[in-house]
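What follows is a set of notes on a single structure, which appears directly below.
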Amino acid sequence: MKRLSEKIKVLILDGVKTTGSFDPKETMVMFEEHLTVSEAEVIEGFMDWVNEDRENRAFGHGNIDARYMQYKNEMSSKSGGKIDGPAYPTQRQDSLTDQMRSVIGEANQIGCYDAADWIKERFFNNKGGANVNSSGS
């Protein structure tokens, strides 16, 4: 994330104001459900960095952008220029297929036969592997 969006800035600032803390464990519970996984990962890192507060890194409306850029620059220099990336490593196709088969098994065990059939139809192609590019309709 190159810059904080206005939405994210408002969420962070409101969370800090409400909790009175820069600790992401206390503050992010106020807004985490409004973030994507990758946004939450970046914001948690930023909030942890601020919370260390060795250099009075506190921020408010006037300097949140400057603090975030300071964080990005520091993390970038420590990591050789890369701090943004996928939140989790890419999974192999067979791992995804196994997980989908497990979900189908669980659905059948609890009596959700329609759900199991829907999963089979929607996510498995003719070759028996999970079709991870499917979109819900």
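Each reported figure results from applying straightforward, stated rules to the coordinates on display, with no laboratory input. The shown structure was predicted, so the numbers you read here are calculated from the model rather than taken from an experiment.
F124's amide H: which non-local residues (gap 5+, or another chain) put their own amide H closer than 5 Å, with H modeled 1.01 Å from N in plane and none for Pro or chain starts?
N131
Report the gain in length on full extension from K2 to Y113: 0.36 nm times residue separation, minus Cα-Cα distance, nm rounded to one decimal. Let's see the in-between values first.
On the way: separation 111, 0.36 × 111 = 39.96 nm, distance 4.50 nm.
Extending this stretch completely gives an extra 35.5 nm.
Could you give each residue of the stretch 55-65 its phi-based ³J(HN,Hα) in whole Hz, using Karplus coefficients 6.51, -1.76, 1.60 with θ = phi - 60°, and x for Gly or Pro?
Rounded to whole hertz, the list is 10, 6, 8, 3, 9, x, 4, x, 9, 5, 5.
Using each residue's phi in the stretch 12-17, evaluate 6.51 cos²θ - 1.76 cosθ + 1.60 at θ = phi - 60° and report the 3J(HN,Hα) Karplus result to the nearest Hz, with x for Gly and Pro.
Ordered by residue, 3J(HN,Hα) equals 5, 4, 5, x, 5, 5 Hz.
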